[in-house]
Amino acid sequence: MTVLFICRGNLCRSPMAMALFNHLVCQYKLPGVSAGSAGYYDWSLFPREAHPFARRAVEALCGTDLLVKHRAVLWIDDAVSSSDLVVVAEQWMRDDFPAGKTLTMRQLAGRDGDVEDPYGGDYDAFVACAREILQLIESGWPLLVGSKDLSPRIFGNNGPSYSIVPLESMRPSTGRESGEDLVAGP
(Lines give C-alpha, C1' and ligand atoms only; values in the text may rest on other atoms or scores of the structure.)
Protein backbone atom coordinates (compact mmCIF):
# COMPACT_ATOMS: atom_id res chain seq x y z
CA MET A 1 0.00 0.00 0.00
CA THR A 2 1.46 3.31 -1.09
CA VAL A 3 -0.01 6.62 0.09
CA LEU A 4 0.81 10.00 -1.44
CA PHE A 5 0.17 13.05 0.77
CA ILE A 6 -0.22 16.35 -1.08
CA CYS A 7 -0.37 19.99 0.03
CA ARG A 8 0.43 23.31 -1.66
CA GLY A 9 4.19 23.62 -1.30
CA ASN A 10 5.29 20.25 0.13
CA LEU A 11 6.98 22.20 2.91
CA CYS A 12 4.61 21.74 5.86
CA ARG A 13 1.47 19.57 5.90
CA SER A 14 2.26 16.82 3.40
CA PRO A 15 5.83 16.20 4.63
CA MET A 16 4.60 16.13 8.24
CA ALA A 17 1.88 13.64 7.26
CA MET A 18 4.37 11.49 5.37
CA ALA A 19 6.86 11.48 8.25
CA LEU A 20 4.24 10.73 10.92
CA PHE A 21 2.67 7.97 8.84
CA ASN A 22 5.99 6.34 7.93
CA HIS A 23 7.10 6.53 11.56
CA LEU A 24 4.00 4.59 12.64
CA VAL A 25 4.44 2.10 9.81
CA CYS A 26 8.00 1.42 11.02
CA GLN A 27 6.86 1.09 14.63
CA TYR A 28 4.26 -1.47 13.65
CA LYS A 29 6.55 -3.23 11.17
CA LEU A 30 4.13 -3.20 8.24
CA PRO A 31 5.99 -4.42 5.16
CA GLY A 32 4.88 -3.03 1.84
CA VAL A 33 3.25 0.05 3.38
CA SER A 34 4.81 3.47 2.80
CA ALA A 35 4.04 7.08 2.06
CA GLY A 36 5.50 9.85 -0.04
CA SER A 37 4.62 13.52 -0.35
CA ALA A 38 4.46 16.21 -3.00
CA GLY A 39 3.08 19.67 -3.63
CA TYR A 40 1.78 22.05 -6.26
CA TYR A 41 4.97 24.13 -6.61
CA ASP A 42 8.03 23.28 -8.68
CA TRP A 43 10.99 24.14 -6.47
CA SER A 44 13.57 22.56 -8.83
CA LEU A 45 15.41 25.85 -9.46
CA PHE A 46 15.49 26.65 -5.74
CA PRO A 47 15.30 23.37 -3.80
CA ARG A 48 13.44 23.77 -0.53
CA GLU A 49 13.70 21.74 2.65
CA ALA A 50 10.77 21.12 4.94
CA HIS A 51 9.87 24.20 6.95
CA PRO A 52 12.04 24.33 10.11
CA PHE A 53 8.95 24.43 12.35
CA ALA A 54 7.52 21.39 10.51
CA ARG A 55 10.75 19.54 11.23
CA ARG A 56 10.68 20.52 14.89
CA ALA A 57 6.99 19.58 15.26
CA VAL A 58 7.63 16.11 13.82
CA GLU A 59 10.67 15.77 16.06
CA ALA A 60 8.56 16.72 19.07
CA LEU A 61 5.97 14.06 18.23
CA CYS A 62 8.34 11.29 17.10
CA GLY A 63 11.51 11.97 19.05
CA THR A 64 13.70 12.50 16.00
CA ASP A 65 13.92 14.81 12.98
CA LEU A 66 12.40 12.58 10.32
CA LEU A 67 12.40 15.41 7.78
CA VAL A 68 16.11 16.18 7.85
CA LYS A 69 16.56 14.89 4.27
CA HIS A 70 13.21 16.06 2.89
CA ARG A 71 13.24 18.16 -0.28
CA ALA A 72 10.00 19.56 -1.62
CA VAL A 73 8.84 18.09 -4.93
CA LEU A 74 6.11 18.81 -7.44
CA TRP A 75 3.44 16.13 -7.78
CA ILE A 76 3.60 14.32 -11.09
CA ASP A 77 1.22 11.91 -12.81
CA ASP A 78 3.57 8.94 -12.33
CA ALA A 79 3.62 9.41 -8.55
CA VAL A 80 -0.17 9.66 -8.48
CA SER A 81 -0.74 6.62 -10.70
CA SER A 82 1.71 4.47 -8.72
CA SER A 83 0.00 5.35 -5.40
CA ASP A 84 -2.89 3.34 -4.03
CA LEU A 85 -4.31 6.33 -2.19
CA VAL A 86 -3.86 10.10 -2.59
CA VAL A 87 -4.55 12.20 0.51
CA VAL A 88 -4.79 15.97 -0.03
CA ALA A 89 -4.73 18.76 2.55
CA GLU A 90 -7.48 20.90 1.00
CA GLN A 91 -10.84 20.07 -0.57
CA TRP A 92 -10.23 21.93 -3.85
CA MET A 93 -7.22 19.68 -4.54
CA ARG A 94 -9.42 16.57 -4.92
CA ASP A 95 -10.50 17.74 -8.37
CA ASP A 96 -6.94 17.30 -9.68
CA PHE A 97 -6.71 13.59 -8.79
CA PRO A 98 -8.60 10.37 -9.56
CA ALA A 99 -11.89 10.38 -7.65
CA GLY A 100 -11.74 6.70 -6.81
CA LYS A 101 -8.53 6.97 -4.82
CA THR A 102 -8.43 10.52 -3.46
CA LEU A 103 -9.48 11.77 -0.04
CA THR A 104 -8.81 14.86 2.01
CA MET A 105 -6.90 14.51 5.26
CA ARG A 106 -10.07 15.38 7.15
CA GLN A 107 -12.05 12.72 5.28
CA LEU A 108 -9.81 10.13 6.93
CA ALA A 109 -11.78 10.93 10.08
CA GLY A 110 -15.13 11.27 8.31
CA ARG A 111 -15.03 15.07 8.46
CA ASP A 112 -15.20 17.86 5.90
CA GLY A 113 -12.91 20.84 5.54
CA ASP A 114 -9.25 21.58 5.09
CA VAL A 115 -6.27 21.08 7.35
CA GLU A 116 -5.20 24.68 7.89
CA ASP A 117 -1.83 25.56 6.41
CA PRO A 118 0.54 26.57 9.23
CA TYR A 119 2.93 28.29 6.81
CA GLY A 120 3.58 31.80 8.12
CA GLY A 121 2.48 30.79 11.61
CA ASP A 122 4.51 30.32 14.75
CA TYR A 123 5.90 27.06 16.11
CA ASP A 124 2.74 26.37 18.12
CA ALA A 125 0.68 26.51 14.90
CA PHE A 126 2.91 23.80 13.40
CA VAL A 127 2.65 21.60 16.49
CA ALA A 128 -1.14 21.98 16.44
CA CYS A 129 -1.20 21.09 12.75
CA ALA A 130 1.06 18.05 13.27
CA ARG A 131 -1.13 16.86 16.15
CA GLU A 132 -4.25 17.24 14.01
CA ILE A 133 -2.62 15.32 11.16
CA LEU A 134 -1.58 12.57 13.56
CA GLN A 135 -5.16 12.29 14.85
CA LEU A 136 -6.47 12.11 11.28
CA ILE A 137 -3.94 9.41 10.40
CA GLU A 138 -4.98 7.51 13.50
CA SER A 139 -8.65 7.77 12.53
CA GLY A 140 -7.99 6.62 8.97
CA TRP A 141 -5.37 4.00 9.86
CA PRO A 142 -7.20 0.95 8.45
CA LEU A 143 -7.81 2.74 5.16
CA LEU A 144 -4.25 4.07 4.98
CA VAL A 145 -2.63 0.68 5.52
CA GLY A 146 -5.04 -1.17 3.28
CA SER A 147 -6.71 -3.30 5.95
CA LYS A 148 -9.99 -3.16 7.79
CA ASP A 149 -8.57 -5.60 10.37
CA LEU A 150 -6.15 -3.19 12.08
CA SER A 151 -7.28 -1.02 14.95
CA PRO A 152 -7.73 2.65 14.11
CA ARG A 153 -6.78 3.55 17.72
CA ILE A 154 -3.02 3.37 17.65
CA PHE A 155 -2.27 4.88 21.03
CA GLY A 156 -5.22 3.62 23.09
CA ASN A 157 -7.77 5.71 24.94
CA ASN A 158 -5.26 7.86 26.79
CA GLY A 159 -3.56 9.20 23.69
CA PRO A 160 0.13 9.04 22.89
CA SER A 161 2.62 8.35 25.67
CA TYR A 162 4.42 11.69 25.34
CA SER A 163 3.53 15.29 25.96
CA ILE A 164 4.64 18.50 24.36
CA VAL A 165 6.28 20.88 26.79
CA PRO A 166 4.99 24.45 26.22
CA LEU A 167 7.86 26.67 25.09
CA GLU A 168 7.04 29.34 27.70
CA SER A 169 7.47 26.83 30.54
CA MET A 170 10.98 25.83 29.54
CA ARG A 171 13.93 26.67 31.80
CA PRO A 172 16.50 29.26 30.75
CA SER A 173 18.96 28.05 28.16
CA THR A 174 21.76 25.76 29.28
CA GLY A 175 23.83 26.32 26.19
CA ARG A 176 21.32 24.63 23.90
CA GLU A 177 18.98 26.55 21.67
CA SER A 178 15.63 27.15 23.37
CA GLY A 179 13.03 24.71 22.16
CA GLU A 180 15.33 21.77 21.42
CA ASP A 181 14.13 19.66 24.34
CA LEU A 182 10.46 19.50 23.49
CA VAL A 183 9.49 15.96 24.38
CA ALA A 184 8.71 14.95 27.94
CA GLY A 185 8.68 11.25 28.62
CA PRO A 186 5.80 9.21 30.04
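The values are calculated or read from the model by the stated rules, or taken from the named source; none is laboratory data. Note that this is a predicted model, so its numbers are computed, not measured. Note: ideal-geometry Cβ built from the backbone for every residue, glycine included; neighbour counts use all protein chains shown.
Overview of values
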{"quantity": "Residues (of a type in the set (D, E, K, R) and closer than 21 Å to Cys26 by Cα) located in the stretch 72-95", "calculated": "Asp84"}
{"quantity": "Residues of the stretch 25-39 satisfying the condition of being of a type in the set (Ser, Thr, Tyr) and touching a strand residue (DSSP E or B) at 6+ places or on another chain (Cβ under 7 Å)", "calculated": "Ser34, Ser37"}
{"quantity": "Residue check, Ala125 part of a helix (DSSP H, G or I), of a type in the set (Gly, Ala, Ser), within 22 Å of Val33 (Cβ to Cβ) and modelled with pLDDT of 95 or more", "calculated": "no"}
{"quantity": "Selection count, the stretch 1-30, where residues are assigned to a helix (DSSP H, G or I), surrounded by 16 or more Cβ atoms within 10 Å (Cβ to Cβ) and not charged (D, E, K, R)", "calculated": "12"}
{"quantity": "Some residue of the stretch 89-105 being part of a strand (DSSP E or B) and either touching a Phe, Trp or Tyr at 6+ places or on another chain (Cβ under 9 Å) or of a type in the set (Ser, Thr, Tyr) (or both)", "calculated": "yes"}
{"quantity": "Failed item, numbered, when Trp43 is tested on (1) surrounded by fewer than 24 Cβ atoms within 10 Å (Cβ to Cβ); (2) at pLDDT 95 or above; (3) not hydroxyl-bearing (Ser, Thr, Tyr)", "calculated": "(2)"}
{"quantity": "Number of positions in the stretch 72-87 that are farther than 22 Å from Pro47 by Cα and among the β-branched types (Val, Ile, Thr)", "calculated": "2"}
{"quantity": "Odd one out for Pro47 among (1) more than 16 Å from Asn22 (Cβ to Cβ); (2) assigned to a strand (DSSP E or B); (3) not aromatic (Phe, Trp, Tyr)", "calculated": "(2)"}
{"quantity": "Residues that are more than 12 Å from Ala17 (Cβ to Cβ), within 18 Å of the chain's Cα centre (by Cα) and among the hydrophobic types (A, V, I, L, M, F, W, C), drawn from the stretch 87-102", "calculated": "Met93"}
{"quantity": "Sole residue being on the phi < 0 side of the Ramachandran plot and surrounded by 16 or more Cβ atoms within 10 Å (Cβ to Cβ), chosen from Val33, Val68", "calculated": "Val33"}
{"quantity": "Scope the stretch 50-72; condition more than 14 Å from Ala17 (Cα to Cα) and assigned to a loop (DSSP other than H, G, I, E, B); matching residues", "calculated": "Gly63, Thr64, Val68, Lys69"}
